[in-house]
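A short worksheet on the structure shown next.
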């Protein structure tokens, strides 16, 4: 967990989750770069409205960055604690998993023991909800072109939130459906004559349970 707080993705890399590490590093680096960019544009703004707009988006980006860092640390901690249980096969209820994801962000993934996905969907949906609420407040308190810009971005955030919820439900349903699927191959070596294929020699068999 502490590794993820020090360097983006280090905790995931330590747990052997190389793809997760790359995604976390990319997300945190991208958000940091975006926050710096918004801050520079705020400093260079020619009027108060634009300066307010850029600073507001800088603060939103910093909020997303802070949330990503916290969720990354939590993900690394939980993954390290429960990694020995991830491989257990257990039958899940696909409909129950899907409804859980509808009721609470990431609950369906947590039910399926897909902890990294649970943190990802929780952070994504919570962040989009907070962003949409904030942008809606700005729509109410501003006027003119600035208000129109906030309204468009609020609507975009709402659509992204809806798409994320639907994707989370589908992901939970599919993972639950495949929870007890055994894709491990069964390897065996048998004499050819034992299979009625003539005398002598050996045959290598690979069986995959479906």
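The values are calculated or read from the model by the stated rules, or taken from the named source; none is laboratory data. As the structure is a computational prediction, the values presented were derived from the model and not from experiment. Positions of Cβ are backbone-derived with ideal geometry, glycine not excepted, and every protein chain shown enters the neighbour counts.
Quick grid of which residues meet (1) touching a residue at least 60 places away in the same chain (Cβ under 8 Å); (2) more than 30 Å from residue 175 (Cα to Cα); (3) out of contact with any helix residue (DSSP H, G or I) (no Cβ under 7 Å at 6 or more places or on another chain):
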| site | (1), (2), (3) |
| --- | --- |
| 111 | yes, no, no |
| 121 | no, no, no |
| 124 | no, no, no |
| 133 | no, yes, yes |
| 143 | no, yes, yes |
| 146 | yes, yes, no |
| 156 | no, no, yes |
Flag if residue 32 is without any contact (Cβ under 8 Å) to a residue 40 or more places away in the chain, under 28 Å from residue 179 (Cβ atoms), in a helix (DSSP H, G or I) and outside the structural domain of residue 144 (by TED's automatic domain parsing): no
Taking the condition closer than 30 Å to residue 94 by Cβ, at pLDDT 90 or above and surrounded by 14 or more Cβ atoms within 10 Å (Cβ to Cβ), does residue 176 pass? no
Which listed residue, of 58, 40, is buried (at least 19 other Cβ atoms within 10 Å of the Cβ) and modelled with pLDDT of 90 or more: 58
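Per-residue answers, yes or no, for (1) in contact with a strand residue (DSSP E or B) (Cβ under 9 Å, 6 or more places away or on another chain); (2) over 22 Å from residue 167 (Cα atoms); (3) in a helix (DSSP H, G or I):
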position: 52; (1), (2), (3): no, yes, yes
position: 61; (1), (2), (3): no, yes, yes
position: 97; (1), (2), (3): no, no, yes
position: 113; (1), (2), (3): no, no, no
position: 119; (1), (2), (3): no, no, yes
position: 128; (1), (2), (3): no, no, yes
position: 140; (1), (2), (3): no, yes, yes
position: 155; (1), (2), (3): no, no, yes
